[in-house]
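One structure is given below, encoded as structure tokens.
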Amino acid sequence: MSISIARLLAALTLLLTLATPAQATPSSSQVTETVVEEGRILDLTIDSPLLHVPGKVRLLLPPGYSEDPTRRWPVLWLLHGGADGTYTDWTAKGDVKNIVGDREVLVVMPDSGPCSGYMDWKDTGIPPRKWESFHMGELYDLLKNEYRAGDRQAIAGVSMGGGGALGYAARFPGRFTAAASFSGALDLDYPGKPGIATMVAVQSGALACGVTVDQIYGPVGGEHWNRYNPKHQIEALRGTRLYIATGDGQAGRDQNGVGNPLLVDVVEQSVYGMAAQFTSALGELDIPVRVNFKPFHRHDWINWQEELENSIDFLVGDL
């Protein structure tokens, strides 16, 4: 097997995350705009007291955005994964500009840091890391007040962002008409409660970020931890159109799409099992979901770009 133990632990760590409840917090944030591509791509840097680092956000503007200064636009949020993931991933690796094409939607791609979990961290004594409060409070309000975001919104994410997308949809019911997870960790108690691999991976990744598991999640298996588990939030997703996709991680191809029968992606195998349990639970509650479980697909951008192509009309068609 070509993947090292260290890489496996890091990758698993950054999958095992979901959003936690938060409220919008008033602030005196400063916003700096940077034009990346005239008329289409705009980067925001937000100096917010909710974070200890600048909040970065990339916007893909819809065609005709500058022509009608009074029009409000439907919004598609796209969340990145962990490890080296950033707010630029969907344009640099996900081909989002071509996939979205001329659809009349404002695409919002926020940064979250490598270990955020798209949540407010439990320990308030460390430098503020209130990612959910920032995204779902301050940034959400900024988009509506300054960038003409409308009320009709959808959300999707990869890896760490897959759990974050369903978490935000569950924690803020009615805000998103549709939510999608691509290779997201959707049941943190898989296997076991919690699984040994989960405990080891989370501890390893948290320490790499300079904090302990308890500071981010609270005790493993405790109340704070459990609020991040998408499996515990299923009922809150009723009424949201759901799309869940993952590969099975079986041997088949490498990151460049080249066939290799020796390659096995244990990270994707893990999220495959989580997604299977999650969708089974949805079925037991008669909550509709569109599912795409694929043989041989791995935990990579080839997989996720395909899934955005597959789901783009599902996500934004009713906005």
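Every number in this text was worked out from the coordinates using simple rules, so none of it is lab data. These figures come from a predicted structure and were not determined experimentally. Ideal geometry is used to build each Cβ from the backbone, glycine not excepted, and the neighbour counts take in all protein chains shown.
Descriptive notes on the structure:
- Straight-line reach from LYS231: taking Cα to Cα under 23 Å and skipping same-chain neighbours fewer than 8 places apart, the lysines in range are LYS122, LYS130, LYS193, LYS294.
- In the range 280-319, taking the dipole from charged Cβ atoms about the Cα centre, the farthest positive-side position among SER311, GLY283, HIS299 is held by HIS299.
- Our estimate of slack between GLU33 and ASP95, defined as 0.36 nm per intervening residue step minus the Cα-Cα distance, is 20.1 nm.
- Each Lys or Arg adds one and each Asp or Glu takes one away; over the other residues whose Cβ falls under 9 Å from the Cβ of ALA281, this sums to -1.
- Exposure proxy order (Cβ contacts within 10 Å, fewest to most) of LEU166, LEU188: LEU188, LEU166
- In terms of surrounding Cβ atoms within a 10 Å radius of their Cβ, SER270, SER183 rank from fewest to most as SER270, SER183.
- Model label sites at ASP318 and ARG71, defined 7 Å from Cα along the beta-carbon direction, differ in position by 2.3 nm.
- 17 Å reach of a label modelled at VAL53, 7 Å along Cα-to-Cβ, counting backbone N of the range 118-156: 118-122, 126-135
- Neighbour-count ranking [beta-carbon atoms within 10 angstrom, fewest first] of SER66, SER311: SER66, SER311
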